[in-house]
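The values are calculated or read from the model by the stated rules, or taken from the named source; none is laboratory data. Everything quoted here is computed from the prediction, not taken from an experiment. Backbone-built Cβ (ideal geometry, glycine too); neighbour counts: all protein chains shown.
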Amino acid sequence: MLLFVLTFLQTILGHPIFAQTPATSAATVTIPTISITSSSSATPAPSNTPTPNPAIALYNQYKNDYLFNRDQYAQSYLDYTQKKQIYTKYNTVTTQNDKIDATKQALITRNNTLKTYLRALRVKLDIYKTSDPTNTNKLQIELSKLENYFDEQNTIVTTLNNDADIQNNATDFRIQYIHVQQIEAASLVQSEYNLRLSTLNELKSYITQLQTDSTLTTEGKQSLSNEIIKADNALTNLNNAQDIVNQNMGPSTYQFSDFYPDAKAKLVTANQYEIDIINDLQNILVRYSNSQ
Amino acid sequence: MTRVSELDNQIIDTHQDNPLTSSLSSPQPSTNPTINPFKAKLKDPKFKLLFILSLILGILLILAIIASVMRKKPTPTIYQPRPTSTLSPTPTANQSQLSPIWQQRLQLRQAETQMNEDLLPPEIDTEIGK
C-alpha cells in the first residue's frame, strides 16, 4: 500500500516540478547581467577628474577638529554628572566647589564643540558656494557671528563662581540655542542645495549641448525634451527646500521647530531626478549617436 | 355453536391495531447482544473488502487534490533577482559604450549625486548648570 502511494506521488508530482527547474535557473543566469551592467555604471569619479576644491581639504580638517572637541565634551560631561551626584549626596562646600569646576569645564567643552561644528559648516558651504552665493554668504555671516558668540561665552564661563551665575548663564544659553539650531539646519540645507543645484546646472548645459549636437539623431534630440521636464522638476524641489527654510527662519520662539527633515525630503527628490537624467542621457548617447 | 366459534375466531379491531394502545404493542428492540446487525455486517468478508476499497479510493482522491494544488504553486525555493536596480527604474546602458569625454562628464555628475554626507549637529545638554 505504501509502495503504491509513493509510486503514485512520484508519478504525479515528480515530472512537472523537475521539468520547471531548468527553465527557472536559466532565467536566474541571464537576468543578473543587466544588473551588473547598471551597477558598474555607478562607479565613483574617474582618476582624471579635475583637481579637488581646496575648501574640501579645509572642511575635512575642521570636521576632524569638531569630532575631537565632541569627544572632549563627552568626557567632561560625564565628569560633571558624577560631581553633581556627589554634591547632591554629601552637600559640602568641597563637593560644591568640585561641582562648579566640573560644570564650567563641561560648559567650555560644549561651547568649543558647537563653535567647531559651526566652523566646519561654514567652510563646507564654500565648496559649492558659486551655485547660490547670496544666500550662502548670509548664512556664513551668521555662522561667523555664532562662532564669536561661543568664544565670548567661554570668556564669561571662566568668571562664573557660584550656582546662581551658572544658572543665569544656562538660561541665556537656552534662548540663544534656538537661533543656533535654526542656523545649523539652514546651513545643512543650503550646503546640499548648492551641491544639487551645481549638478543640475551642469546637466542642463549637457542637454543644451546635445540639442545642437550633429552626431545625435533626430529621435535622440526629441527624447531630450523629457530631460528638460525632469530638470524643471528637480529645480522645483530644490526651491521648495529653500522655501521651507525661509518659512522657519523667523525670530526665535520658545522652541525650535525642526524643519530639516521636510527640506531634506525635497532635496532627496531633486537628487533622484538628477540620477534619472544622468541615466537617460547615458542611454540617449548610446542609442541615438551617429558616431557609434 | 358453529356461528359462535366463527365469531370468536374473527379478529375485529383488536387491541393490537388500536393506535391509542399501539405503544403497548410496538415491537421492542432486541436486548440480546449476540444478534447486533451492524457488528454482524462488519464480520462479513464482502463488507470488509468494500471498506478497504473505499479507503483506498479516498486516499487516492486526497492525493490527487494535493498533487493538483502543488502543480499550480510556483517553486518558492529558487531566488530570482530583479532585473532593475533599486536606484534607477530603467536599466542603463554600459558607460564603456560612451565617448571618453561623455564618460568622464557623466561619471563626475554621478559621483556628485552620491555625495550626501550630512554633518549632523552634536547632541548636547542645554540644562548644564540648572
Residue A:102 fails exactly one of the following numbered conditions: (1) under 20 Å from residue A:160 (Cα atoms); (2) out of contact with any Lys or Arg (no Cβ under 6 Å at 6 or more places or on another chain). What is the number of that condition?
(2)
Of everything in the range A:149-167, what is assigned to a helix (DSSP H, G or I) and exposed (fewer than 12 other Cβ atoms within 10 Å of the Cβ)? Give them in sequence order.
A:152, A:155, A:158, A:159, A:164
Only one of these is within 14 Å of chain B (Cβ to nearest Cβ), farther than 30 Å from residue B:123 by Cβ and either assigned to a helix (DSSP H, G or I) or in contact (Cβ under 8 Å) with a residue 40 or more places away in the chain (or both): A:238, A:188, A:210, A:195. Name it.
A:210
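Conditions (1) farther than 30 Å from residue A:96 by Cβ; (2) in the same structural domain as residue A:254 (by TED's automatic domain parsing); (3) at pLDDT below 95, marked per residue:
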| site | (1), (2), (3) |
| --- | --- |
| A:157 | no, no, no |
| A:183 | yes, no, no |
| A:206 | yes, yes, no |
| A:217 | yes, yes, yes |
| A:232 | yes, yes, no |
Residues that are more than 30 Å from residue A:176 (Cβ to Cβ), facing another protein chain (nearest Cβ under 7 Å) and at pLDDT 90 or above, at least 1 per element: which helices (runs of 4 or more DSSP H) completely within the range B:32-130 meet that?
B:45-72, B:100-113
Considering only the range A:271-292, state which residues are among the hydroxyl-bearing types (Ser, Thr, Tyr) and crowded, with 18+ Cβ neighbours inside 10 Å.
A:273, A:288, A:289
For the range A:114-123, does any single residue satisfy the condition of being over 19 Å from residue B:123 (Cβ atoms), under 21 Å from the mean Cα position of the chain (by Cα) and not β-branched (Val, Ile, Thr)?
yes
